[in-house]
1. Which residue out of E43, E76, E104 is surrounded by fewer than 19 Cβ atoms within 10 Å (Cβ to Cβ) and touching a Ser or Thr at 6+ places or on another chain (Cβ under 9 Å)?
2. Taking the condition farther than 14 Å from L13 by Cα, modelled with pLDDT under 95 and buried (at least 16 other Cβ atoms within 10 Å of the Cβ), does G98 pass?
3. What are the residues in segment 135-153 that are part of a loop (DSSP other than H, G, I, E, B) and either among the β-branched types (V, I, T) or loosely packed, with under 15 Cβ neighbours inside 10 Å (or both), if any?
4. Filter segment 114-134 down to the residues that are in a loop (DSSP other than H, G, I, E, B) and surrounded by fewer than 17 Cβ atoms within 10 Å (Cβ to Cβ) and list them by number.
5. Given the structure, is A65 of a type outside the set (S, T, N, Q), outside the structural domain of T134 (by TED's automatic domain parsing) and surrounded by fewer than 21 Cβ atoms within 10 Å (Cβ to Cβ)?
6. Quick one: in segment 18-42, of everything that is part of a strand (DSSP E or B) and more than 14 Å from the chain's Cα centre (by Cα), which residue is farthest from K92 (Cα to Cα)?
Amino acid sequence: MYKPDKKILSFPLDDVKLKQVVSVRKVTHSVYSNGWLNIGPKEFFMKIKGVGSFYACDGDYVEIAPVKGVTNNSVELYLNGSVYGAILHQRKMLPLHGSSFETEGRGVMLCGESGAGKSSLTTSFCLNGAGFLTDDVSPVILRDGLPHILFMMF
């Protein structure tokens with residue numbers, strides 16, 4: 001069961017305010033909508049059947065309206081995937097679906113479909129001396145015109 005008083009510890013950014021609400025806000029200036037997803041320049045809305053609705057704005061605020069009986073794991077799955085990606089995008093970062101590690105001074109990102117082994121392969125490299133950077137979502141920024149994987153501390 002989702003517990004509103006429980007701090008969702010697995011959200012990667014501690015400067016984002018998470019708030020449980022009965023009904024999340026709607027996107028005010030939509031540029032894309034398909035019925036369950038609505039995206040604006042600085043806003044994101046997503047409704048997942050059996051889980052709840054999520055709203056993110058300005059790169060630092062998230063509302064969650066869980067359905068009755070949903071588990072914390074189900075809420076966190078979407079919070080730490082799609083919503084996290086939206087927050088990164090709002091912060092002008094490129095969120096890529098991949099796991100990352102550092103070796104010989106270079107960042108390496110493994111991308112692929114869910115279940116392809118990105119996390120397992122990253123773990124294997126890290127157990128053999130590589131430095132862990134990210135799992136599942138890799139934020140990319142440009143620095144001096146070059147892409148860099150941003151290491152996010154949990």
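The values are calculated or read from the model by the stated rules, or taken from the named source; none is laboratory data. Please read these numbers as outputs of a predicted model, since none were measured by experiment. Reconstructed Cβ throughout: ideal geometry from the backbone, glycine too, with neighbour counts over all protein chains shown.
1. Going through E43, E76, E104 in turn, just one is surrounded by fewer than 19 Cβ atoms within 10 Å (Cβ to Cβ) and touching a Ser or Thr at 6+ places or on another chain (Cβ under 9 Å): E76.
2. Yes.
3. Here is the first cut: in segment 135-153, the ones part of a loop (DSSP other than H, G, I, E, B) are 135-136, 144-145, 150-153.
Answer for segment 135-153, where residues must be part of a loop (DSSP other than H, G, I, E, B) and either among the β-branched types (V, I, T) or loosely packed, with under 15 Cβ neighbours inside 10 Å (or both): D144, G145, F151, M153.
4. The answer is S114, G115, A116, G117, N128, G129.
5. Considered against the rule, which asks whether it is of a type outside the set (S, T, N, Q), outside the structural domain of T134 (by TED's automatic domain parsing) and surrounded by fewer than 21 Cβ atoms within 10 Å (Cβ to Cβ), A65 comes out as yes.
6. Q20
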